[in-house]
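See structure below.
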Amino acid sequence: SVARGGLLYDAWWKVVPGAKEPKDNQPLWALQTTNKRKGSITWRCKECHGWDYAGKDGAYGSGSHKTGFAGVWNAAQKKSVDELAAILKGSANPQHNFSSVLRPEDIADLANFLKGGLVDVKKYVDYKSKKPIGGDIERGKAQYALCGACHGPDGKKLNFGSDKDPEYVGTIAKANPQEFIHKIRVGQPGSNPPMPGALVLGWDIKQVLDVLAYSQTLPEK
């Protein structure tokens with residue numbers, strides 16, 4: 001449930017059976033003007049609250065992803081699962097009601113992720129250098145063997161971008177370690193075959209950081 005909630009946090013319409021990708025902006029999006037993105041991306045939890053769950057106080061506090069919205073980290077530490085689920089159903093703000101697109105079981109999984117699946121990313125990444133704190137490249141190389149089955153030994157077997165602007169494992173690891181940590185921990189929504197996340201595999205955060213450290217040695221292009 002926690003891992004599935006992490007997938008929902010990324011892109012829920014790729015996880016919920018029968019869900020359609022939204023075309024219009026999420027109602028709360030009109031409260032900000034700094035992030036110019038439109039459509040389905042405005043419905044992704046990560047676009048408002050960040051891959052590091054810190055919102056305006058994290059990596060998305062500046063740059064093109066800036067919205068000024070708060071993160072979910074503080075609320076998740078203070079509130080119960082039921083209270084978090086209620087917020088997802090609009091208890092704090094009617095425009096934050098996701099019950100029209102998420103089923104009760106989806107909201108429960110997302111609330112479980114917020115309560116039990118978050119990590120304080122700021123403790124594990126140096127935001128200035130974008131390097132993992134304490135990651136071991138050699139140990140990460142051994143862990144990456146599982147990842148390499150799909151992504152290739154150099155991380156370039158799958159291209160997440162386009163032919164003109166490719167994105168590989170090494171690209172994401174170097175440019176956005178916060179996103180990398182989230183996806184390694186919970187997987188990639190809608191991937192086929194499903195990407196096994198560290199939460200399901202039983203990896204701890206240290207193993208995730210080791211994989212990040214090694215992946216940053218892989219080619220970006």
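Listed here are the pairs Lys115/Lys221; Lys20/Lys131; Lys157/Lys206; Lys36/Lys174; which of them are more than 31 Å apart at the Cα? Could you put the intermediate results ahead of the total?
Values: Lys115/Lys221 37 Å; Lys20/Lys131 37 Å; Lys157/Lys206 25 Å; Lys36/Lys174 24 Å.
Among Lys115/Lys221; Lys20/Lys131; Lys157/Lys206; Lys36/Lys174, the Cα-Cα distance tops 31 Å for Lys115/Lys221; Lys20/Lys131.
Obtain the radius of gyration and the Kirkwood radius of the chain from its C-alpha atoms and give Rg over Rh. Write out the running numbers ahead of the final one.
Details: Rg = 17.0 Å, Rh = 17.8 Å.
Dividing the radius of gyration by the Kirkwood radius yields 0.95.
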Q. When the accessible area of segment 42-109 is computed with all protein chains present and a 1.4 Å probe, what percentage of it is carbon and sulfur?
A. 52
Q) Share of segment 170-221's accessible area from carbon and sulfur, percent, 1.4 Å? A) 56
Q: Provide the per residue accessible area, probe 1.4 Å, for the chain, rounded to a whole number of square angstrom.
A: 50
Q: Grab the other residues whose beta carbon is less than 14 angstrom from that of Asp10, score K and R as +1, D and E as -1, and report the net.
A: 0
Q.
Apply the a/c threshold of 1.5 to the C-alpha gyration tensor of segment 1-97 and tell me whether it is rounded, prolate or oblate.
A. rounded
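The values are calculated or read from the model by the stated rules, or taken from the named source; none is laboratory data. What you see is a predicted model; the values in this text were computed from it and never measured. Because the Cβ atoms are built from the backbone with ideal geometry, glycine has one as well, and the counts that use them run over all protein chains shown. Ligands, DNA and RNA are excluded from the accessible area calculation, which covers all protein heavy atoms including side chains. Shrake-Rupley method; radii C 1.70, N 1.55, O 1.52, S 1.80 Å.
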